[in-house]
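All remarks here apply to the structure that follows.
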Amino acid sequence: MRVRGIGRCISVVVVLSALVSATGCRTSGEAGLNLLGSPIHELSSGQFIQHWLVLGPFPNPPLEQPGEGGVTRGGYIVDYLAELGGEPAATFSKDTKLTFKDSAGATKTAAASEVKSGGDGFIDLAAVFGFPVDTVAYALAYVVSPRAQQAECYFGSDDWPKVWVNGDLVHALWQVEGRSCDPMQDHFSVKLRKGPNRVLIKVEQHLGSWSFAFRIMTAEDGKAFRAEREFKEKLRAFQNAKIRAHGKDGYIFPPGPLPKLEWERPEIVRDLYGDMPMTVRWFDAQQNEVTKAIAPGRYAAYVECVKPDGSKIRRAFTFFCRPAEWTPWSIMSWYRADAPYIRLSTVDKAVWDEQRNFVGTATARALIDQFLSEEFGAVFLAGMSEIKPLGRAPTQLDEPSMLDEDYHVRLKRRLLGVENKYPPLAPPRQKSGAPATVLHSGGLGDAGFKPELVEKVRAVCRDWFALEGQPLTVLVARHGVIAMHEAFGEARGNPVTVNTKFPLASLTKCHAGLMLAQFLDQGIMNLDDPVGKYIPDFPTKGDKAITLRQCMAHTTGFEGHGDFRGMENPWLDNVLANGVETLKPGAKFLYNGMGFDLAGKVMEIVSGKSFFRLMHENFFIPLGQDNPTMVDLGFGIDCTVMDLARVGQLLLNKGAYGNVRFFSEETFERVIRPRPLKEFFPKIEGMGDYKYNLGLNTQEDTREDDNPADNVPPARLFSDNSLGHGAASGAILRVDLDKDLVIAVSRFEPGNDYNKYCTRLLTAIVDAVE
């Protein structure tokens with residue numbers, strides 16, 4: 001709900017809008033602050049402040065006229081802590097409550113609570129207060145310094161902040177548009193006194209996510225930190241450095257001499273490692289090593305450089321030798337591409353249609369230029385030259401990119417000398433005894449639901465679609481009986497159906513985990529094996545050794561999703577290995593997708609198959625899924641809601657579906673059921689009690705908190721034996737083993753009121769369980 005005005009009684013008079021009226025406000029709980037009960041942070045740690053008291057939410061209504069500095073939302077300039085001494089001096093405890101009247105005259109309460117970050121410093125205010133529109137909140141902590149000194153701060157927020165240290169406003173930023181939270185986006189210095197120093201942060205919220213992160217360190221530590229950060233930036237620039245073909249032909253070249261390769265920006269490499277000779281080996285389509293291109297078709301270049309410490313840099317690329325009589329640029333004069341109208345306010349569609357000839361020519365030129373300058377053109381032409389007519393609609397397994405990945409996995413195993421080293425991964429086996437439960441049609445009574453289930457869920461879904469026009473599909477099943485399987489809304493002007501494919505985003509991670517579970521179940525790999533056991537560029541011992549468990553539990557130290565070209569990079573593992581020196585594996589939980597991709601590269605080396613082929617042959621097809629597609633392990637599966645629900649039922653069955661067993665119940669209990677991270681990483685910073693395993697966590701959804709001022713935690717919706725994972729697309733998977741319940745929801749985007757409607761949807765389902 002957009003707050004248009006507030007009622008308040010604060011010593012500082014600020015006119016927000018014509019809707020603001022003066023009313024009484026009061027505090028309850030402690031009048032002052034007991035410092036011993038407040039969050040304390042030792043400056044000597046040099047880390048993010050991870051423990052805060054937060055107080056809110058307060059209204060942040062739009063101003064009729066911009067205020068000083070162009071401020072357009074009133075909560076940013078209102079001192080909501082006036083009765084507590086004002087923002088420069090106010091303190092509060094976890095029992096503090098402030099009440100006020102909103103523009104409608106209703107009494108509202110802002111309450112304080114303790115919040116801890118997950119080890120990465122991020123304080124997710126939306127997780128505390130939901131995703132309200134136009135609000136503000138405060139956060140309070142104390143930094144203890146052994147002496148009076150200068151300190152350096154790194155700060156990030158979503159949206160705009162104010163920061164006070166010992167009553168001084170040391171940092172304030174405002175712009176009309178919001179911003180995303182990067183913990184290193186702001187840098188400033190502060191003066192600290194000996195002993196405790198009060199830090200108060202105010203973060204306003206307009207739309208979307210709502211968070212902040214604050215790191216503070218001594219000036220000496222700040223200098224070392226900047227040097228370390230500069231090295232990491234140089235190292236990451238090197239990891240992203242590209243090797244290019246020299247000359248006009250690029251990745252598509254004529255028969256004869258093979259292209260010469262060179263670093264696109266050699267100064268980046270030289271800055272870190274000096275001059276390193278580059279060794280290039282070439283292979284044809286049959287993986288014969290060659291010194292020149294005789295026949296048209298696929299070629300691959302494998303590049304090695306040896307760093308000063310003896311470790312290797314490895315890269316591989318696909319090239320296409322074109323027929324001698326064919327020149328890409330010669331077809332530009334006659335080739336046309338049918339480009340649909342690009343909706344743009346400055347471009348009239350009638351003009352687009354009239355310029356159809358020029359549009360077609362320009363699009364063709366852009367396409368040919370892309371083919372010549374980027375490796376994808378060679379991947380495309382090599383694959384299309386090798387594919388034979390199928391007589392049916394192709395799947396992802398038949399695409400040129402899949403053939404390219406298959407080729408490079410085979411070549412990589414050959415180069416590493418592991419072609420026959422590992423036992424083959426067996427396909428999912430025939431289940432002994434009675435078939436496991438499969439999703440099937442039936443009545444609400446058979447599923448154990450009350451009659452009102454369908455209409456209550458429909459009401460929530462219709463309201464959710466009406467809010468922002470985001471379509472969704474829903475499948476609810478219990479005891480294997482599908483109680484509801486419906487679609488709501490439309491996309492691109494067409495109604496979505498239950499067969500519409502939606503992105504799973506990070507729910508892809510649990511699929512990757514279930515694929516790894518097959519290797520673990522068959523004894524081919526162990527979850528605590530070091531990655532270096534399978535990929536020689538990684539250490540196998542010491543504090544830099546990364547294990548498969550760390551890869552699948554976000555504790556490698558990696559960051560990002562799909563970085564360095566992701567899984568399409570044949571030697572992604574080597575790129576990651578060249579950054580291990582900056583990591584502290586097992587030290588903290590840092591959410592990312594790169595660990596999952598690294599585990600995927602291990603699975604490719606061991607199985608001899610590209611991961612996406614492996615996923616289709618050993619998971620999607622045996623589970624009877626409707627041809628999903630996949631582009632990464634950390635994100636990137638597109639599938640129907642039924643496909644997602646089948647995964648949920650597979651988990652309910654602890655590894656089986658129908659007559660097929662993917663892994664044993666013992667494997668489910670040992671490596672899939674979520675467990676506290678501290679069981680495996682006893683020295684982990686924060687998040688030790690977080691239950692996670694192979695891309696699945698215990699779901700702790702709660703009912704809507706109608707009166708948060710009571711400080712009574714809202715009731716849990718699911719049992720302790722529940723599984724699932726979040727998704728940036730808004731997709732939902734909830735599997736409650738105790739309730740024998742599967743809930744699957746697909747969306748394209750979460751939307752601004754995601755938490756509210758997700759909670760209402762899940763509550764409507766759970767309340768209908770008999």
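Any chance you could check the Cα centroid distance between segment 85-101 and segment 626-667 for me, in angstrom? Between the Cα centres of segment 85-101 and segment 626-667 lies a distance of 49 Å. Think of segment 240-386 as a dipole: +1 on every Lys or Arg Cβ, -1 on every Asp or Glu Cβ, centred on the Cα centre; then among MET384, ALA350, GLY360, MET384 lies furthest on the positive end.
With 10 angstrom as the radius, rank TRP263, TRP164, TRP52 by how many other C-beta atoms surround their C-beta, starting from the fewest. Write down the numbers at each step before the final one.
Details: TRP263 18, TRP164 22, TRP52 25.
Ordered from fewest to most neighbouring Cβ atoms within 10 Å, TRP263, TRP164, TRP52 come out as TRP263, TRP164, TRP52.
Under the criterion of Cα pairs below 8 Å and six or more residues apart, the relative contact order for the chain equals 11 percent.
When the Cα positions of GLY70, TYR154, MET402 are compared along the charge dipole of the chain, MET402 comes out farthest toward the positive end, with charges on each C-beta of Lys, Arg, Asp and Glu. Under the convention that each Lys and Arg Cβ holds +1 and each Asp and Glu Cβ holds -1, the size of the dipole of the chain around its Cα centre is about 1060 debye. Of the peptides 272-279, 297-304, the ranking by mean beta-carbon count within 10 Å, highest at the top, reads 297-304, 272-279.
Bridging of LYS683 to aspartates and glutamates at a Cα separation below 14 Å is possible for ASP543, once same-chain residues fewer than 8 apart are set aside. Close lysine pairs were tallied over segment 240-386: pairs 8 or more places apart or on different chains with Cα atoms under 27 Å apart number 10.
Leaving out same-chain residues fewer than 8 places away, which lysines sit with a Cα under 16 Å from that of LYS108? Once the sequence-local lysines are set aside, what remains near LYS108 is LYS97. Placing +1 on each Lys and Arg Cβ and -1 on each Asp and Glu Cβ, with no other charges, gives segment 240-386 a dipole about its Cα centre of roughly 120 debye. Once the C-beta distance of LYS223 and THR279 is scaled by a Förster radius of 30 Å, the resulting FRET efficiency is 0.15 to the nearest 0.05.
Using a/c under 1.5 as the rounded threshold, could you call the chain rounded, prolate or oblate? The axes a ≥ b ≥ c are square roots of the C-alpha gyration tensor eigenvalues, and prolate needs a/b larger than b/c, oblate otherwise. Prolate, because a/c is 1.5 or more and a/b exceeds b/c. Which of rounded, prolate, oblate describes segment 240-386, given a ≥ b ≥ c as roots of the alpha-carbon gyration tensor eigenvalues and a/c under 1.5 marking rounded, otherwise prolate only if a/b is larger than b/c? In terms of gyration-tensor shape, oblate. For the pair segment 403-466 / segment 497-530, the C-alpha centres are spaced 9 Å from each other. Fewest-first ordering of SER157, SER607 by other beta carbons within 10 Å of each residue's beta carbon gives SER607, SER157.
Segment 212-270 and segment 370-385 have Cα centres lying 24 Å from one another.
How would CYS758, CYS639 line up from fewest to most surrounding beta-carbon atoms within 10 angstrom?
Working: CYS758 21, CYS639 25.
In order of increasing Cβ crowding within 10 Å: CYS758, CYS639.
Report, in deg cm²/dmol and to the nearest 500, the calculated mean residue ellipticity at 222 nm for the chain, where each DSSP H run with n ≥ 4 adds -39500 (n - 2.57) and the sum is divided by the residue count.
Details: 16 runs with 176 residues, N = 770.
Theoretical 222 nm ellipticity from helices: -7000 deg cm²/dmol.
Once you sort the root eigenvalues of the Cα gyration tensor of segment 573-731 as a ≥ b ≥ c, which label holds: rounded (a/c under 1.5), prolate (a/b larger than b/c) or oblate (the other case)? Since a/c reaches 1.5 but b/c is at least a/b, the shape of segment 573-731 is classed as oblate.
Computed from the coordinates by the stated procedures, all read-outs in this text should not be read as laboratory data. If you're wondering where the values come from, they're calculated on a predicted model, not measured in any experiment. When we count neighbours, we look across all protein chains shown, and the Cβ atoms used for this are built from the backbone with ideal geometry, even at glycine.
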